[in-house]
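The values are calculated or read from the model by the stated rules, or taken from the named source; none is laboratory data. Small disclaimer: the values here were computed from a predicted structure and weren't measured. Using ideal geometry, Cβ is built from the backbone for each residue, glycine included, and neighbour counts are taken over all protein chains shown. The accessibility values were calculated without ligands, DNA or RNA, using every heavy atom of the protein model including side chains. Shrake-Rupley method; radii C 1.70, N 1.55, O 1.52, S 1.80 Å.
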Amino acid sequence: MNQILLVPLTVLLLLAVSSTVQSCLPSERAALLAFKSSLQESDVGVFNSWTGTNCCQNWFGVACDQNSRQVAIIDLRAGTLYATMEKAHRPGYMTGHISPEICKLTRLSSIIITDWKAISGEIPHCITSLTYLRIIDLAGNRISGTLPSNIGMLKQLMLLSVADNLITGNIPATLPSVAGLTHLDLRNNQITGPIPQWLGRLKILSRVLLSGNKISGPIPSSISSMSRLVDLDLSMNKLSGPIPESLGRMAVLGMLKLDMNKLSGSIPATLLVSGITELNLSHNYLEGDIPDSFGARSYFTSMDLSYNNLKGPLPKSISSASYIGYIDLSHNHLCGSIPSYSGLENMDQSSFANNDCLCGKPLKAC
């Protein structure tokens, strides 16, 4: 899983707690043992250290607040993070479910239970009573059911990730109340319904990753009001309608993935002269000409417009782009000569395959 944002947040939280707390509260220890009893893992031995009366010291993946002696962090990640543990070279595998007993740990600020492949059941809805939570990361399991409807009660939440599970239902309507949310990752689930118009009210979101679901309806233009958004991935859904032109005016947006949807209309010219460096609009129903709007601000490490209904010639302004590292224009209805001195002549022929009548390097001469 992608841990780019998660690791720094976890480090900050760990600095606020201590593994040398004198002892944990008996009620906290009992809650942890009840939580453990609902999970089964025998390969890596994650829970082997969960013995004795002091759960604040040397219990793997547990850290406590040094003042209150209450559990503040549960951090159980499968895979390479267990490099120092016996059998760590073997992939982690854990079954069972997340017990509601976890909700008795009232000072929890971080719940990370990721990539165990077989943890099932639903997210305990009582989790929304844990008002100190900043991180919820349950990615890479088989958790089902819906996201808690009153998740908006978690006013301090910064990161929510349930990627690669079996979550169903809509995006909870209370989510806009989590004003400090910076990272939303719901990839590869079975979430349905539209992208809510209110999503744009989450002003400091930097990553919105919703790919691989069954989300339908239009892309709301309100997304463009998220001034700190860097990564937007809405690919592999059932989105329809036009691409909002305002997405190309977002200040720091660098990655835009809208591929494998049912989007229609033309490509907004703003997308080609924005700060976007990774653009994927492939496998949609986009039509019309590729806008002749490339310029000095056009810098793409990757641009994929394949499998659409684009027509006409390649725009001459593409020669003025600062950089295009990879481009795929295949499976469209483009025609005419590939502009010289654009760098496109150095691309693979497959980038231009299955069009109507493109010619010139790297294809056959016109």
**OP:** Identify, by number, the condition in (1) under 30 Å from Pro176 (Cα atoms); (2) touching a Gly at 6+ places or on another chain (Cβ under 8 Å) that Leu279 doesn't meet.
**Re:** (2)
**OP:** Test Ser161 against the criterion of being in contact (Cβ under 8 Å) with a residue 60 or more places away in the chain, among the polar types (S, T, N, Q) and either farther than 13 Å from Ile191 by Cβ or out of contact with any strand residue (DSSP E or B) (no Cβ under 9 Å at 6 or more places or on another chain) (or both), and give yes or no.
**Re:** yes
Subject >> Near pairs, Cβ below 7 angstrom, 6+ apart or cross-chain, from the range 32-60 (under 17 Å from Ile113 (Cβ atoms)) to any residue that is among the aromatic types (Phe, Trp, Tyr) and part of a helix (DSSP H, G or I) >> reply: Lys36/Phe47; Glu41/Phe47; Val44/Tyr82
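In the list Thr131, Thr182, Thr146, Thr106, which residue meets the criterion of being among the hydroxyl-bearing types (Ser, Thr, Tyr) and open to solvent by less than 50 Å² (accessible area, probe 1.4 Å)?
Values: Thr131 fails: open to solvent by less than 50 Å² (accessible area, probe 1.4 Å); Thr146 fails: open to solvent by less than 50 Å² (accessible area, probe 1.4 Å); Thr106 fails: open to solvent by less than 50 Å² (accessible area, probe 1.4 Å).
Among Thr131, Thr182, Thr146, Thr106, only Thr182 is among the hydroxyl-bearing types (Ser, Thr, Tyr) and open to solvent by less than 50 Å² (accessible area, probe 1.4 Å).
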Original post:
Of all residues in the range 158-181, which are closer than 12 Å to Ile204 by Cα and either under 13 Å from the mean Cα position of the chain (by Cα) or not β-branched (Val, Ile, Thr) (or both)?
Top reply: Met158, Leu159, Pro176, Ala179, Gly180, Leu181
Original post:
Can you tell me which residues in the range 242-266 are of a type in the set (A, V, I, L, M, F, W, C), surrounded by 22 or more Cβ atoms within 10 Å (Cβ to Cβ) and assigned to a loop (DSSP other than H, G, I, E, B)?
Top reply: Ile243, Met250, Leu253, Leu258
Original post:
Considering the range 226-241 alone, what residues qualify as being assigned to a loop (DSSP other than H, G, I, E, B), open to solvent by 10 Å² or more (accessible area, probe 1.4 Å) and in contact with a Ser or Thr (Cβ under 8 Å, 6 or more places away or on another chain)?
Top reply: Arg228, Val230, Met236, Asn237
Original post:
Are any residues in the range 149-167 surrounded by 16 or more Cβ atoms within 10 Å (Cβ to Cβ) and within 17 Å of Ala118 (Cα to Cα), and if so, which ones?
Top reply: Ser161, Val162, Ala163, Asp164, Asn165, Ile167
Subject >> Qualifying position, being at pLDDT 95 or above, touching a Leu at 6+ places or on another chain (Cβ under 6 Å) and of a type outside the set (Asp, Glu), among Asn354, Asn308 >> reply: Asn308
Original post:
Could you count how many residues in the range 117-128 are buried (at least 22 other Cβ atoms within 10 Å of the Cβ) and at pLDDT below 95?
Top reply: 0
**OP:** Could you please give the count of residues in the range 182-201 that are of a type in the set (Gly, Ala, Ser) and in a loop (DSSP other than H, G, I, E, B)?
**Re:** 1
Subject >> Unmet requirement for Ser342, which otherwise passes all of (1) outside any loop (DSSP other than H, G, I, E, B); (2) farther than 20 Å from Asp259 by Cβ; (3) small (Gly, Ala, Ser) >> reply: (1)
Original post:
Inside the range 337-360, can you point out the residues that are open to solvent by 80 Å² or more (accessible area, probe 1.4 Å) and over 20 Å from Phe300 (Cα atoms)?
Top reply: Asn354, Asp356
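Per-residue answers, yes or no, for (1) outside any strand (DSSP E or B); (2) within 33 Å of the chain's Cα centre (by Cα); (3) polar (S, T, N, Q):
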{"position": "Pro291", "(1), (2), (3)": "yes, yes, no"}
{"position": "Tyr307", "(1), (2), (3)": "yes, yes, no"}
{"position": "Lys311", "(1), (2), (3)": "no, yes, no"}
{"position": "Ile318", "(1), (2), (3)": "yes, yes, no"}
{"position": "Lys361", "(1), (2), (3)": "yes, no, no"}
Subject >> From the options Ile223, Ile204, Ile171, residue that is assigned to a loop (DSSP other than H, G, I, E, B) and farther than 26 Å from Gly145 by Cβ >> reply: Ile204
Original post:
Quick check: anything in the range 300-319 touching a helix residue (DSSP H, G or I) at 6+ places or on another chain (Cβ under 6 Å), open to solvent by 30 Å² or more (accessible area, probe 1.4 Å) and in contact (Cβ under 8 Å) with a residue 24 or more places away in the chain?
Top reply: no
Subject >> Filtered residue count, the range 267-289, keeping only those that are farther than 16 Å from Leu239 by Cα, crowded, with 19+ Cβ neighbours inside 10 Å and touching a strand residue (DSSP E or B) at 6+ places or on another chain (Cβ under 6 Å) >> reply: 2
**OP:** Please state which of the following conditions Ile136 fails to meet, knowing it meets all the rest: (1) touching a Lys or Arg at 6+ places or on another chain (Cβ under 8 Å); (2) surrounded by 16 or more Cβ atoms within 10 Å (Cβ to Cβ).
**Re:** (1)
